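Enquirer: Let me begin by handing over the structure; questions about it come next.
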Amino acid sequence: MTFGSYVRTIRERILNQDRSFSVRQLAQRIGVEPSYLSKVERDQVAPPSEATITRLARELDEDPDMLLAMAGKVSSDLQEIIRRRPQLFAELLRQLRDAPDGAIQHVAREIRDGDW
């Protein structure tokens, strides 16, 4: 599923329960033109900026990092972390590439909790 089609699917699902999620109203809340949001949803233009995707994620109650990844982007705070130690993070990500989700969650919890 593309970024645009995913956004459209989520927005339309919410729209069925909340009429304030029309393209026009959502576009106004996230600070873009309705025609632009419509084009994004139809994959006629590239995904918006990080800031716009973050506002969109908040409105749709979606994880911003997930939407950014679907858009082929990485949040600026993660980019900065990677820039500090690019070789180490590249190696870490390559090692985790095929790991099951549970193993990655375990590693993240160990690092968060300081269990090393």
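Any read-out appearing in this document is the output of simple, stated calculations on the displayed coordinates, not a laboratory observation. Every value quoted in this text rests on a predicted model; they were computed, and no experiment measured them. Every residue, glycine as well, gets a Cβ built from its backbone with ideal geometry; the counts of neighbours run over all protein chains shown.
Enquirer: Identify which of the listed values of Cα extents along the principal axes in Å was calculated from the structure shown: (1) 51, 41, 19; (2) 54, 27, 27; (3) 49, 28, 23.
Expert: Read-out from the structure maps to (3).
Enquirer: Do the sum for the chain: with -39,500 (n - 2.57) for every DSSP H run of n ≥ 4, divided by all residues, what is the mean residue ellipticity at 222 nm, to the nearest 500 deg cm²/dmol?
Expert: Result for the chain, helices only: -20000 deg cm²/dmol.
Enquirer: Could you give the distance between the Cα centres of the stretch 72-98 and the stretch 3-25, to the whole Å?
Expert: Value for the Cα centre distance between the two parts: 32 Å.
Enquirer: While we're here: Please list 3J(HN,Hα) in residue order for the stretch 91-103, calculated via the Karplus relation 6.51 cos²θ - 1.76 cosθ + 1.60 where θ = phi - 60°; whole Hz, with x for glycine and proline.
Expert: Here the 3J(HN,Hα) series is 5, 4, 5, 5, 5, 8, 3, 9, 6, x, 3, x, 5 Hz.
Enquirer: Looking at the chain, identify the longest residue range that excludes and avoids all trypsin sites (Lys or Arg not before Pro) in DSSP loops having at most 16 other Cβ atoms within 10 Å.
Expert: Answer from the scan: 43-96.
Enquirer: Using 7 Å Cα-to-Cβ label points, what is the Asp65/Asn16 separation (nm, one decimal)?
Expert: Rounded to a tenth, the inter-label distance reads 3.0 nm.
Enquirer: In nm, what is the difference between 0.36 nm times the number of residues separating Arg84 and Gln25 and their Cα-Cα distance?
Expert: Computed gain between Arg84 and Gln25 is 17.2 nm.
Enquirer: In debye to the nearest 20, how big a dipole does the stretch 3-74 give about its Cα centre with +1 on each Lys and Arg Cβ and -1 on each Asp and Glu Cβ?
Expert: The calculation lands at about 260 debye.
Enquirer: By how many nm would the segment from Gln95 to Ser35 grow when fully extended, if each residue of separation counts as 0.36 nm and the alpha-carbon distance is taken off?
Expert: My answer for the length gained is 17.4 nm.
Enquirer: Toward the positive end of the charge dipole of the chain, about the Cα centre and with charges on Cβ (Lys, Arg +1; Asp, Glu -1), which of Leu93, Gly31, Ile14 goes farthest?
Expert: Looking along the dipole axis, the top candidate is Gly31.
Enquirer: With the dipole of the chain worked out from charges on the C-beta (+1 for Lys and Arg, -1 for Asp and Glu) around the Cα centre, which of Pro47, Ile104, Val74 lies farthest toward the positive end?
Expert: Pro47
Enquirer: Then there is this: Between rounded, prolate and oblate, where does the stretch 67-116 land on the alpha carbon gyration tensor, with a ≥ b ≥ c its root eigenvalues, rounded for a/c under 1.5, else prolate if a/b exceeds b/c?
Expert: Prolate, since a/c reaches 1.5 and a/b exceeds b/c.
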